């Protein structure tokens with residue numbers, strides 16, 4: 001999975017809003033300064049988040065941006081979708097179709113089960129984690145740990161990995 005600069009910086013900006021008490025506004029200039037970004041870029045990112053209904057803009061001397069909902073009600077997936085999208089097997093397969101409208105392997109692709117597994121796993125993780133979890137540093141325990149780092153294979157939809165037959169000179 002590739003995280004774009006827009007997604008990374010947009011997450012940083014909305015996390016800035018998640019760290020202040022709900023309902024308080026933060027000035028675009030403050031966010032830009034804290035995150036090391038231009039005010040124009042922060043405005044663009046907040047516009048995308050605002051258009052998705054995750055943030056609200058407030059006019060006036062005390063204006064700025066604030067979360068539209070409490071941080072515990074906004075998932076990481078919602079934020080990523082607002083900023084550019086979330087990996088799905090279908091959009092990945094459509095993205096790499098060569099010079100055709102659809103992939104030449106559509107309907108019979110050996111890789112589709114891998115992309116589906118990864119996309120489903122990420123969807124579970126991204127739906128589970130809220131901005132509050134991230135702001136409180138509590139996101140890690142929410143990540144499903146159904147496989148350990150030491151495992152060499154991951155079961156894909158009930159398929160068992162192919163075992164390589166070892167032959168020795170006597171069997172030949």
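The values are calculated or read from the model by the stated rules, or taken from the named source; none is laboratory data. None of the values given here were measured: they were computed from a predicted structure. Cβ: placed from backbone, ideal geometry, glycine included. Neighbour counts: every protein chain shown.
Across region 10-35, what is the total count of residues that are buried (at least 18 other Cβ atoms within 10 Å of the Cβ) and closer than 25 Å to residue 86 by Cβ?
8
Pick from 84, 63: which is under 22 Å from residue 134 (Cα atoms) and either buried (at least 18 other Cβ atoms within 10 Å of the Cβ) or at pLDDT 65 or above (or both)?
None of the others qualify; the one that does is 84.
With the requirement that a residue be in contact with a strand residue (DSSP E or B) (Cβ under 6 Å, 6 or more places away or on another chain) and in a loop (DSSP other than H, G, I, E, B), what does region 25-40 give you?
Within region 25-40, 25, 27 qualify.
For residue 78, only one of the following conditions fails: (1) out of contact with any strand residue (DSSP E or B) (no Cβ under 8 Å at 6 or more places or on another chain); (2) surrounded by 17 or more Cβ atoms within 10 Å (Cβ to Cβ); (3) touching a residue at least 40 places away in the same chain (Cβ under 8 Å). What is its number?
Result: residue 78 passes all but (3).
Mind counting the residues in region 41-66 that are on the phi > 0 side of the Ramachandran plot and part of a strand (DSSP E or B)?
1
State yes or no: is residue 134 at pLDDT below 70, within 30 Å of residue 42 (Cβ to Cβ) and assigned to a helix (DSSP H, G or I)?
no
Could you tell me whether any residue of region 14-21 is out of contact with any strand residue (DSSP E or B) (no Cβ under 9 Å at 6 or more places or on another chain), in a helix (DSSP H, G or I) and either at positive phi or in contact (Cβ under 8 Å) with a residue 60 or more places away in the chain (or both)?
Yes.
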